[in-house]
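Here the structure is laid out as structure tokens; the discussion comes afterwards.
The values are calculated or read from the model by the stated rules, or taken from the named source; none is laboratory data. Only a predicted model underlies this, so the values are computations on that prediction, with no experimental measurement involved. FYI the Cβ positions are ideal-geometry reconstructions off the backbone, even for glycines, and counts take in every protein chain you see.
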Amino acid sequence: MEVRFLLVFMILLLQSVTEGARAKADDLLIITAATEETDGFKRFMRTAKEFNYTVKVLGLGEEWRGGDVAKTVGGGQKVRWLKKEMQKHKDKQDMVILFVDSYDVILAAGPDELLMKFSRLNHRVVFSAEGFCWPDQRLASKYPAVHTGKRYLNSGGFIGYAPEIYTLVQQWKYRDNDDDQLYYTRIYLNKEQRTKFNMTLDHKSRIFQNLNGAIEEVVLKFEKSRVRARNVAYDTLPVVIHGNGPTKLQLNYLGNYVPSAWTYERGCGVCDDDLLYFNDVPDEEMPQVLVAVFIEQPTPFIEEFLERLTTINYPHTRLRLFLHNNVVYHEQHVQRFWIKHRTLFPNARIVGPEENLQHAQARTMAVEMCKSDPTCDYYFSMDSDVALINPDILRILIEENKPVIAPMLSRHGKLWSNFWGALSPEGFYSRSEDYIDIVQGKRVGVWNVPYITQVYLIRGELLRTRLSHVSLYQEEGLDPDMVFCRAVRDQGVFMFVTNRDEFGRLISTHNYNISRLHPDMWQIFDNPMDWREKYIHENYSQIFESDVDVVEQPCPDVYWFPAFSNKMCDDLVETMEHFGQWSGGKHVDERLSGGYENVPTVDIHMNQIQFEKEWLKFLKDYIAPVTEKLYPGYYAKANAAMNFVVRYRPDEQPSLRPHHDSSTFTINIALNSKGKDYESPPTTPSGKAPESSSQAMSLGSPELLKELKQPHTLKPVHTHTGLTTVFCGRGRINAAPGKQSQTPPLPASTNQHTAKEQRLSSGTYN
């Protein structure tokens with residue numbers, strides 16, 4: 001027992017002596033190599049600054065002659081630079097040198113933790129370790145055996161005392177493009193030199209984490225206001241994270257969090273760094289932006305898309321427009337837009353389908369316009385299948401001050417977005433762990449991602465420097481967006497996506513049938529938000545606001561509220577007229593299962609134009625909620641068997657006789673306007689409309705028309721038992737309980753008006 005206690009005491013004493021000899025933070029110097037300040041270099045320096053490291057950068061501004069280390073051997077130039085630098089520190093016995101790469105390295109902890117872990121390894125020089133023997137695999141058998149951990153040396157990071165590092169690099173007598181890792185490997189494999197320098201490898205990633213071959217071992221560990229990269233294989237928290245080899249994208253993912261780029265407590269910790277501000281900048285001094293618009297496929301709501309170009313909150317004198325339309329169907333929309341707004345874009349270039357320009361060629365043409373123009377400060381690429389509802393989008397993206405940045409957009413209610421959080425080994429889509437949280441806005445920030453598409457902003461200076469000689473869009477067998485993102489990544493340029501603001505959404509184009517007259521009408525399923533903005537009345541949402549009363553009740557149990565926009569009324573009327581197969585208004589109707597119509601009308605059923613399911617969706621999404629509000633406790637299934645548009649003409653069917661609807665409730669929507677599409681209904685000598693046959697009502701009186709204050713003159717619609725014919729504003733609904741109403745029955749009332757000219761209304765029996 002005494003021997004055991006003595007042994008424990010000696011171990012603790014040895015550890016105390018060892019840690020007592022630990023170097024101080026002031027004696028630590030980080031040395032790195034970089035010929036230019038790339039995005040990766042700036043990220044490295046940001047993490048170094050966060051922990052107050054002292055950093056010496058070698059080679060900045062010099063020409064790189066160390067070979068293409070991403071594809072082959074090289075890197076000897078770094079050893080030559082270090083050899084020269086160490087002349088200054090060779091006699092500093094207590095100085096500790098940490099040499100690391102910078103383009104693909106981030107620091108996860110401060111000097112105290114680094115020096116503590118270095119001290120505990122109890123060696124004078126420690127190199128990082130990895131699972132691959134590079135560049136000469138024949139040397140693998142010469143490595144000392146390792147029972148646990150990575151076996152092979154990696155030169156991307158090492159730490160040691162200055163005298164040893166000085167002596168270590170003095171042996172370098174090779175060319176700049178010779179391999180630095182091979183040089184250090186040969187020294188390490190020489191047992192005599194390994195002993196001389198007291199060298200070892202960081203086998204368990206206590207200090208250095210090389211990601212190549214170890215991606216599955218490394219996970220994020222969220223601490224309080226801090227994030228670490230944890231090696232689950234060895235249960236360590238490395239200080240230096242190195243994205244060596246093909247792991248640059250994984251390092252970018254980790255760099256979105258480590259060490260405090262994003263935390264649960266603070267959210268985005270770096271989003272407000274290096275922002276640009278233009279609050280007090282005159283319009284004429286704002287950056288010049290080339291807005292490149294691409295219509296490459298038939299796209300729903302293209303007119304709304306084009307109109308949004310005119311509402312961008314940016315000086316139009318500082319915008320230049322390039323528009324490529326590759327769809328003949330959309331020529332009419334582009335032409336109308338251009339005639340209306342050409343004065344806003346006097347220097348615009350419009351390229352139509354007649355020029356037979358391929359997708360990639362059009363994008364190349366647009367980006368070359370910015371490359372060749374020194375005054376082009378930014379290039380803003382935008383596809384037609386995006387709905388940008390934030391007019392400040394250009395200002396927001398420019399102020400983020402990123403080389404390439406995209407606003408985060410997704411399809412409404414779906415996870416389909418305009419960015420990928422990760423790539424598969426083949427270079428295609430792979431879902432990152434944080435993808436869903438970013439798309440759903442649970443994590444908000446500016447994210448370094450490997451792929452963006454459909455809408456993004458690029459600095460013009462970047463196009464004229466690092467990307468000047470790169471083919472950004474054209475490559476056989478690859479889509480232009482894939483070519484673009486790979487080209488940008490290969491140049492070491494970071495691409496970002498921001499979800500700090502609400503920008504809009506993506507438009508689905510999958511089920512867009514341009515053989516229809518107004519194909520947007522059928523988009524209620526695929527693009528519900530855009531369908532609502534175009535086709536639902538602007539005051540519809542006020543129905544559900546407690547302080548606004550837009551639902552009127554012209555007579556008991558008859559409700560009048562806004563539903564359709566003018567555009568929906570126009571498009572529905574034109575669609576029916578274009579279809580043209582109006583019923584004869586006879587009792588015999590082959591469209592019905594029994595072949596007999598008790599109350600015939602001149603109409604077209606929704607299912608005749610394949611609009612039945614869309615109409616039922618409209619009832620479910622927009623009529624049922626109103627019904628439930630007006631009748632608390634009642635749940636409407638919104639399933640209607642008869643949905644149709646009726647036409648009234650003096651020479652065809654001027655009126656509709658009183659009848660009962662076999663329905664819970666009936667809705668009627670006026671589709672055209674009195675005074676424009678037809679004349680006023682007849683009135684009695686007193687100036688009132690004819691009275692109901694069972695209940696005296698004068699809903700058509702001039703006094704009532706004036707009081708209602710509708711934007712469109714009111715018009716009569718159907719006559720039903722339980723539903724008085726009223727004068728309904730265009731696009732507004734008359735709704736009333738029918739024969740099977742679940743509400744207390746009211747005195748029945750009927751009313752008839754003679755049509756003058758043609759009237760159209762849509763009706764539904766529910």
Given the criteria out of contact with any helix residue (DSSP H, G or I) (no Cβ under 8 Å at 6 or more places or on another chain), surrounded by fewer than 19 Cβ atoms within 10 Å (Cβ to Cβ) and free of Cβ contacts under 8 Å to residues at least 24 places away in the same chain, does ASP274 qualify? no
When the range 534-552 is examined, which residues are found to be in contact (Cβ under 8 Å) with a residue 40 or more places away in the chain and either over 21 Å from ARG308 (Cα atoms) or not β-branched (Val, Ile, Thr) (or both)? LYS534, HIS537, TYR540, ILE543, PHE544, VAL551, GLU552
Quick one: in the range 421-444, which of the residues that are in contact with a helix residue (DSSP H, G or I) (Cβ under 9 Å, 6 or more places away or on another chain) and either over 18 Å from ASN256 (Cβ atoms) or surrounded by 21 or more Cβ atoms within 10 Å (Cβ to Cβ) (or both) is modelled with the highest pLDDT? GLY421
Go through the range 630-652 residue by residue and tally those that are of a type in the set (Val, Ile, Thr) and either loosely packed, with under 15 Cβ neighbours inside 10 Å or closer than 18 Å to LEU616 by Cβ (or both). 1
With respect to the numbered conditions (1) crowded, with 17+ Cβ neighbours inside 10 Å; (2) within 21 Å of SER471 (Cβ to Cβ); (3) touching a residue at least 60 places away in the same chain (Cβ under 8 Å), which one is the sole condition not fulfilled by ASP373? (1)
Quick one: would you say SER119 is surrounded by 24 or more Cβ atoms within 10 Å (Cβ to Cβ), in the same structural domain as VAL239 (by TED's automatic domain parsing), of a type in the set (Gly, Ala, Ser) and touching a residue at least 12 places away in the same chain (Cβ under 8 Å)? no
Every pair of residues 6+ apart whose Cβ atoms lie under 6 Å, when the first sits in the range 553-571 and is closer than 19 Å to GLU614 by Cβ and outside any strand (DSSP E or B) while the second is modelled with pLDDT under 85 and not β-branched (Val, Ile, Thr): CYS569/ARG730; CYS569/GLY731
Count - residues of the range 34-55 that are outside any helix (DSSP H, G or I) and in contact with a Ser or Thr (Cβ under 7 Å, 6 or more places away or on another chain): 2
Given (1) farther than 26 Å from LEU397 by Cβ; (2) touching a residue at least 60 places away in the same chain (Cβ under 8 Å), identify the lone condition not met by ALA360. (1)
Could you give me the residue pairs with C-beta distances under 6 Å whose first residue belongs to the range 188-201 and is charged (D, E, K, R), whose second residue is assigned to a helix (DSSP H, G or I) wherever it lies, and which are 6+ apart or on separate chains? ARG194/TYR188
Under the condition of being among the charged types (D, E, K, R), within 25 Å of ASP39 (Cβ to Cβ) and assigned to a loop (DSSP other than H, G, I, E, B), which residue from the range 56-107 is nearest to the chain's Cα centre (by Cα)? ASP104
Would you call ASN244 of a type outside the set (A, V, I, L, M, F, W, C), in a helix (DSSP H, G or I) and closer than 25 Å to GLU50 by Cα? no
Being in contact with a Leu (Cβ under 8 Å, 6 or more places away or on another chain) and among the polar types (S, T, N, Q) is the filter here; which residues of the range 130-153 pass it? none
Could you pull out the residue among ASN390, ASN401 that is closer than 19 Å to LEU463 by Cβ, in contact (Cβ under 8 Å) with a residue 40 or more places away in the chain and not hydrophobic (A, V, I, L, M, F, W, C)? ASN401
Residue among TYR174, TYR166, TYR184 that is more than 29 Å from ALA233 (Cβ to Cβ), part of a helix (DSSP H, G or I) and in contact (Cβ under 8 Å) with a residue 12 or more places away in the chain: TYR166
Checking the structure you have, find out if any residue of the range 15-30 is at pLDDT 95 or above, in the same structural domain as CYS133 (by TED's automatic domain parsing) and not aliphatic (A, V, I, L, M). yes
Please find, within the range 580-615, the residue that is surrounded by the most Cβ atoms within 10 Å (Cβ to Cβ) out of those that are among the aromatic types (Phe, Trp, Tyr) and in a loop (DSSP other than H, G, I, E, B). PHE611
Cross-chain or 6+ apart pairs with Cβ under 6 Å, the range 437-459 first and under 17 Å from ALA422 (Cβ atoms) and among the hydroxyl-bearing types (Ser, Thr, Tyr), then modelled with pLDDT of 95 or more and in a helix (DSSP H, G or I): TYR451/CYS485; THR453/ASP481
Does at least one position in the range 124-139 carry a residue that is assigned to a helix (DSSP H, G or I), buried (at least 16 other Cβ atoms within 10 Å of the Cβ) and either hydrophobic (A, V, I, L, M, F, W, C) or modelled with pLDDT of 95 or more (or both)? yes
(1) surrounded by fewer than 21 Cβ atoms within 10 Å (Cβ to Cβ); (2) more than 20 Å from the chain's Cα centre (by Cα): which one isn't true of GLU296, the others all being true? (2)
Among the residues listed as ARG466, ARG516, ARG505, ARG500, the single one being at negative phi, outside any loop (DSSP other than H, G, I, E, B), of a type outside the set (Gly, Ala, Ser) and surrounded by 15 or more Cβ atoms within 10 Å (Cβ to Cβ): ARG505
So LEU220 fits all but one of (1) buried (at least 18 other Cβ atoms within 10 Å of the Cβ); (2) in contact with an Asp or Glu (Cβ under 9 Å, 6 or more places away or on another chain); (3) in a strand (DSSP E or B); what number is the exception? (1)
Going through the range 287-325 in order, the residues found to be closer than 22 Å to HIS518 by Cβ and of a type in the set (S, T, N, Q) are GLN297, THR299, ASN325
Selected residue [surrounded by 17 or more Cβ atoms within 10 Å (Cβ to Cβ), among the small types (Gly, Ala, Ser) and more than 19 Å from TRP172 (Cβ to Cβ)] from GLY75, GLY40: GLY40
Output the residues belonging to the range 430-458 that are assigned to a loop (DSSP other than H, G, I, E, B) and within 14 Å of GLN250 (Cα to Cα). ARG431, SER432, GLU433, ASP434, PRO450
